[in-house]
Structures are given as structure tokens and as C-alpha cells.
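Data first, discussion second: the structure below is written as C-alpha cells.
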Amino acid sequence: MASFVSVEAHAAKIGAGIGRTVEFAGSNDYTFIPRASFELETGIGIFKNNELGVQLDLIKSGAVDTGPILRINLGRNDSVSDPLVAALPEIEVTAEAGWFVGSGVKLDRLGLNTDNIVIGSVKAVTDVGDGHGGTLLSASLGLVMPINEQLRMVPSVTLNYADDNYMQSFYGVSPNKARPDGFMQFDAKGGLESSQLALVVIRTIDTRWSVTGVFAQNVLQGDAKASPITERGSDKNLFAGFTASYTF
């Protein structure tokens, strides 16, 4: 799932929850996963979670967020429900490293009578282990909408671009793995891999506790949608999750 730009920082914040998502991109089989979050202000920047990993915001000015990302890609293994997909070569769990840049603009600075904030981010990660061997670039644009003092809503749109290696690993079928009773050969080329519409709802309970809900639809594009692997499932994948957070 896509990441979202934080618009406020805390000395320390931790959270835990649960989410429901597909077994792999393009699947129509769903599974529940644990969710965790944290945010810690350090002497060199703000250290926080980024999907299944971490990022370090090296600039604490609030106007720009930028820094390194290190995270885990779970790949795809033979435990998925679809027997033909399970028979394909596994994509190993691997580490991804990269960089992110994000920023936000209060619309009242543009002369508009509103408290809304436009936020945007770009991040790029590449495989540094022995997994998919590719690179993924994501760009997102969102709007922070304070409904009242306790409630904020953040709708956003994200575009994900992947190179040839990434696309072939997750969506391609090599000649020696194509089977007469299963998949035909398919060469997946790099390009727009998916688009996502999401809504984040943040409810402040008190000065310490808050609850965050995330609802998103990810739509496969290009060769990711045309792949015989994902044609067996669905090109539209839903995600829903929530996290309860405590601020120290």
C-alpha cells in the first residue's frame, strides 16, 4: 500500500492495529495483517515507519521532508491460495533502499479561506537484496482536511512506476516456467504499475491517544493488469486498516 506525508511531529509516538489486504498484487484472495507505526524525534531528524521499514526525515523545518528509506519487500511465496501462482518461482523477501521527498502548502497562504493543506511526496526504492531486482518510483498528492479539532481526513492519489526487472518478477512468466495447463509466456515491461485512491481518517481521542483508519483501492495498470497472473484474480485490490496510537 501507498505512504502518506506526516503533517505533524511528536517527541515519541507508537501505534498498533490490524489491516486487511490481498495476498499479492492482483490477487482476489484476502488476508489479515498486523499493523504498527512509530515516530521518534532524534537529534538528526525524525525517525518513523515506512510501510514494512523505516525512514529518517533529515530536515525538521516542517516545510520539506526528505531522507533515506530502508524497508522490506515480502515478495511472493508458495503459500498463496491460487495453486497456479503458488507453483511459480518464489520472489524472495528482500531489502529495498531509497530516498523520499515530501512537502505541504497551507492553502490560506494562497489567499483561500480554508485550513486545508495540500501535501505531496515522491519516493524511489531499489532492491538491495536478492529479490525482485528492480526499482519502484511512487508519487502521491493529497489534501489534509481538518474537520474539527478532533478529526482530520486526508484523501490522496498515488501513482506507482516500476522498471522492467520489478515488473517481470511480479507479473511476468518466463518461457521455462510457462505451462500448457497454466500460464502462457508473458514479458512484463516497465511503466505505470498501479494507481491508488486512498482516504486516511485521523481521530484524536485526547492529548495522548489517537486512532487512524486507512481505506484504499489499488488499481493495476499496463502490463501489471495484462499479466496472466493477475488476470486470474482482480486488477482492483482493496485495503482497509486501523491503528491506535499513543504519544509520549
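The values are calculated or read from the model by the stated rules, or taken from the named source; none is laboratory data. What you are looking at is a predicted structure, and each value in this text was computed from that prediction instead of being measured. Note: ideal-geometry Cβ built from the backbone for every residue, glycine included; neighbour counts use all protein chains shown.
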Margin query: Can you confirm whether THR94 is β-branched (Val, Ile, Thr), more than 20 Å from LEU192 (Cα to Cα) and over 19 Å from the mean Cα position of the chain (by Cα)?
Written below: no
Checklist line | Residue in the stretch 62-77 that is modelled with pLDDT under 95, in contact with a helix residue (DSSP H, G or I) (Cβ under 6 Å, 6 or more places away or on another chain) and not hydroxyl-bearing (Ser, Thr, Tyr) present | finding: no
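State yes or no: is ASN160 closer than 25 Å to GLN55 by Cα, touching a His at 6+ places or on another chain (Cβ under 9 Å) and either surrounded by 15 or more Cβ atoms within 10 Å (Cβ to Cβ) or not small (Gly, Ala, Ser) (or both)? Let's see the steps before the verdict.
Details: closer than 25 Å to GLN55 by Cα: yes; touching a His at 6+ places or on another chain (Cβ under 9 Å): no; either surrounded by 15 or more Cβ atoms within 10 Å (Cβ to Cβ) or not small (Gly, Ala, Ser) (or both): yes.
Spelling it out, it is not the case that ASN160 is closer than 25 Å to GLN55 by Cα, touching a His at 6+ places or on another chain (Cβ under 9 Å) and either surrounded by 15 or more Cβ atoms within 10 Å (Cβ to Cβ) or not small (Gly, Ala, Ser) (or both).
Pick out the one residue from THR212, THR207 that is touching a residue at least 60 places away in the same chain (Cβ under 8 Å) and among the polar types (S, T, N, Q).
Numbers: THR207 fails: touching a residue at least 60 places away in the same chain (Cβ under 8 Å).
After applying the criteria, what remains is THR212.
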Next item on the list: Pick out the one residue from LEU70, LEU56 that is within 22 Å of ASP163 (Cβ to Cβ), part of a strand (DSSP E or B), of a type in the set (A, V, I, L, M, F, W, C) and out of contact with any Lys or Arg (no Cβ under 7 Å at 6 or more places or on another chain).
Entry: LEU70
Checklist line | For GLY131: the one exception among (1) in a loop (DSSP other than H, G, I, E, B); (2) touching a Lys or Arg at 6+ places or on another chain (Cβ under 9 Å); (3) not hydroxyl-bearing (Ser, Thr, Tyr) | finding: (2)
Next item on the list: Find the residue count for the stretch 126-157, including only residues that are crowded, with 21+ Cβ neighbours inside 10 Å and either touching a His at 6+ places or on another chain (Cβ under 6 Å) or polar (S, T, N, Q) (or both).
Entry: 3
Margin query: Quick check on ASN28: is it within 18 Å of PHE248 (Cβ to Cβ) and surrounded by 14 or more Cβ atoms within 10 Å (Cβ to Cβ)?
Written below: no
Note to self: Cβ-Cβ under 7 Å, sequence separation 6+ or interchain: first residue in the stretch 132-155 and closer than 20 Å to GLU51 by Cα, partner part of a loop (DSSP other than H, G, I, E, B) and acidic (Asp, Glu). Which pairs?
What the structure shows: GLY134/ASP163; THR135/ASP163
Checklist line | Qualifying residue in the stretch 19-31 (condition: over 25 Å from LEU192 (Cβ atoms) and modelled with pLDDT under 95) | finding: no
Check: Going by the structure shown, is GLU39 of a type in the set (D, E, K, R), without any contact (Cβ under 8 Å) to a residue 40 or more places away in the chain and in a strand (DSSP E or B)?
Finding: yes
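Could you check the stretch 106-131 and list, in sequence order, the residues that are free of Cβ contacts under 8 Å to residues at least 60 places away in the same chain and within 21 Å of the chain's Cα centre (by Cα)?
Correct list: VAL118, VAL122, ALA124, VAL125, THR126, ASP127, VAL128, GLY129, ASP130, GLY131.
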Check: If only one of ASP78, ASP65, ASP82, ASP57 is closer than 17 Å to ILE229 by Cβ, touching a Ser or Thr at 6+ places or on another chain (Cβ under 8 Å) and not β-branched (Val, Ile, Thr), which one is it?
Finding: ASP82
Margin query: I'd like the full set of residues that are free of Cβ contacts under 8 Å to residues at least 40 places away in the same chain and surrounded by fewer than 15 Cβ atoms within 10 Å (Cβ to Cβ), limited to the stretch 80-98.
Written below: PRO83, ALA86, GLU90
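Among the residues in the stretch 87-99, are any among the hydrophobic types (A, V, I, L, M, F, W, C), outside any strand (DSSP E or B) and at pLDDT 95 or above? Give the derivation first.
Just the residues of the stretch 87-99 that are among the hydrophobic types (A, V, I, L, M, F, W, C), to begin with: 87-88, 91, 93, 95, 97, 99.
Of the ones still in play, those that are also outside any strand (DSSP E or B) are 87-88, 93.
Checking the rest, the ones that are also at pLDDT 95 or above come to 93.
Taking every residue of the stretch 87-99 in turn, at least one turns out to be among the hydrophobic types (A, V, I, L, M, F, W, C), outside any strand (DSSP E or B) and at pLDDT 95 or above.
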